[in-house]
Amino acid sequence: MLRVGVIGVGTWGQKHARVYASLENVRLAGVCDPDEAVGREVAEKYKTQYFPHTEDLFGQVDAVSVVAPTAHHAEIGCAFLAHGVDVLVEKPMAGTLEEADRLIETARRHGRVLQVGHLERFNPAVIALRPILNDPRFFEIHRLGVFSPRSLDIDVVLDVMIHDLDILTSLVPSPVAAVRAVGIPILTDKIDIANARIEFENGCVANVTASRVSSERVRKIRFFQPNSYISLDYDRQTVSVYSLVPSDGPLGKDILTHNLVVAPYEPLRAELESFIACVERRAEPQCRGEDGRRALALAFEVLGHMAGGRARA
């Protein structure tokens with residue numbers, strides 16, 4: 001059985017541990033966290049071992065999920081890659097583009113799998129959407145959430161909006177031409193609510209809003225393409241399609257509405273199953289280090305256009 005470990009078992013790391021512990025072809029070999037009480041509690045819950053230091057897992061695992069704070073992603077990820085361990089690093093993949101490049105180069109040099117945890121790529125609604133994608137021209141994207149004291153070490157762009165920046169750049173086959181953005185600190189000293197207008201060289205435009213201080217949870221992406229309008233709800237895992245079809249009416253067109261068939265599935269489980277499959281088959285992951293870097297670069301560009309934003313070179 002493939003031996004896996006989880007580095008960092010806060011709220012999200014515990015979900016990684018839960019999924020790994022439930023996979024038939026995987027053995028959760030251990031968890032690591034600087035908070036010993038939390039680490040031991042999670043280890044006991046999922047019948048595995050607690051390791052106080054990351055290096056204690058060298059030789060004990062074949063693959064790891066790095067779910068530590070962003071500032072430590074590159075250091076931890078590169079150490080495991082250099083020891084011959086395949087790595088899934090959570091988003092954002094690193095704190096700087098230089099660190100992202102180090103992760104990519106270390107994985108290449110040691111022939112290891114490096115996957116970035118952009119979860120929405122594995123959302124069944126997104127998967128169902130891709131076959132009907134046809135030259136999208138305008139996106140309206142909202143990712144809003146109520147305040148939570150997690151991930152406050154980074155701005156909302158790197159914490160929340162980056163999910164949609166990754167999906168957006170994977171759906172639009174064109175380089176970014178221009179970015180306009182505004183961001184405001186509300187409850188923290190970092191950007192808590194942000195809006196970005198992203199223009200692509202092919203003429204497509206996206207209006208992206210992200211918030212971690214809203215009164216309700218919204219996870220939607222809506223876009224127009226020739227003769228159709230598509231609305232996707234990440235949480236409900238639904239895709240509604242409104243298409244223009246010829247008719248004998250006064251406008252010569254009618255609107256036909258239908259919903260795509262989407263089989264509900266937990267995106268995190270799909271993501272980790274895909275990671276394990278790539279490790280076993282030595283295959284390229286669906287979200288490579290280069291993909292994670294591209295989303296990170298766009299997130300830094302968005303931040304760079306905000307007063308008080310924290311752009312990185």
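Counting only strands (runs of 3 or more DSSP E) that fall entirely inside the range 223-313 and contain at least 1 residues that are surrounded by 15 or more Cβ atoms within 10 Å (Cβ to Cβ), the qualifying elements are 228-233, 238-246. Within the range 38-71, being over 27 Å from Arg281 (Cα atoms) and touching a residue at least 40 places away in the same chain (Cβ under 8 Å) holds for Phe51, Pro69, Thr70, Ala71. Take the conditions (1) under 18 Å from Asp235 (Cβ atoms); (2) under 19 Å from the mean Cα position of the chain (by Cα); Glu216 misses just one of them, which is (2). Taking every residue in the range 93-109 that is among the basic types (Lys, Arg) and pairing it with any residue that is exposed (fewer than 15 other Cβ atoms within 10 Å of the Cβ), at least 6 positions away or on another chain, yields no pair with a Cβ-Cβ distance below 7 Å. Given the criteria more than 29 Å from Ile191 (Cα to Cα), buried (at least 17 other Cβ atoms within 10 Å of the Cβ) and not assigned by TED's automatic domain parsing to the domain that holds Glu55, does Leu133 qualify? No, not satisfied.
If only residues of the range 62-86 that are touching an Asp or Glu at 6+ places or on another chain (Cβ under 9 Å) and β-branched (Val, Ile, Thr) are counted, the one that is surrounded by the most Cβ atoms within 10 Å (Cβ to Cβ) is Val64.
Could you please find all residues in the range 58-79 being farther than 15 Å from Ala17 by Cα and out of contact with any Lys or Arg (no Cβ under 8 Å at 6 or more places or on another chain)? Selection gives Phe58, Gly59, Pro69, Thr70, Ala71, His72, His73, Glu75, Ile76, Gly77, Ala79. Considering the range 1-36, and only residues there that are free of Cβ contacts under 8 Å to residues at least 40 places away in the same chain and assigned to a loop (DSSP other than H, G, I, E, B), the residue that is nearest to the chain's Cα centre (by Cα) turns out to be Asp33. Here Tyr46 clears all of (1) out of contact with any Asp or Glu (no Cβ under 9 Å at 6 or more places or on another chain); (2) buried (at least 22 other Cβ atoms within 10 Å of the Cβ) except the condition numbered (2). For the range 136-146, the criterion of being out of contact with any Leu (no Cβ under 6 Å at 6 or more places or on another chain), buried (at least 23 other Cβ atoms within 10 Å of the Cβ) and among the basic types (Lys, Arg) is met by at least one residue. Of the residues screened, Val208 is not one that is among the β-branched types (Val, Ile, Thr) and under 27 Å from Glu24 (Cα atoms). Within the set Tyr234, Tyr242, the sole residue that is among the hydroxyl-bearing types (Ser, Thr, Tyr) and more than 30 Å from Val19 (Cβ to Cβ) turns out to be Tyr242.
The values are calculated or read from the model by the stated rules, or taken from the named source; none is laboratory data. None of the values given here were measured: they were computed from a predicted structure. All Cβ positions, glycine included, derive from the backbone under ideal geometry; neighbour counts span all protein chains shown.
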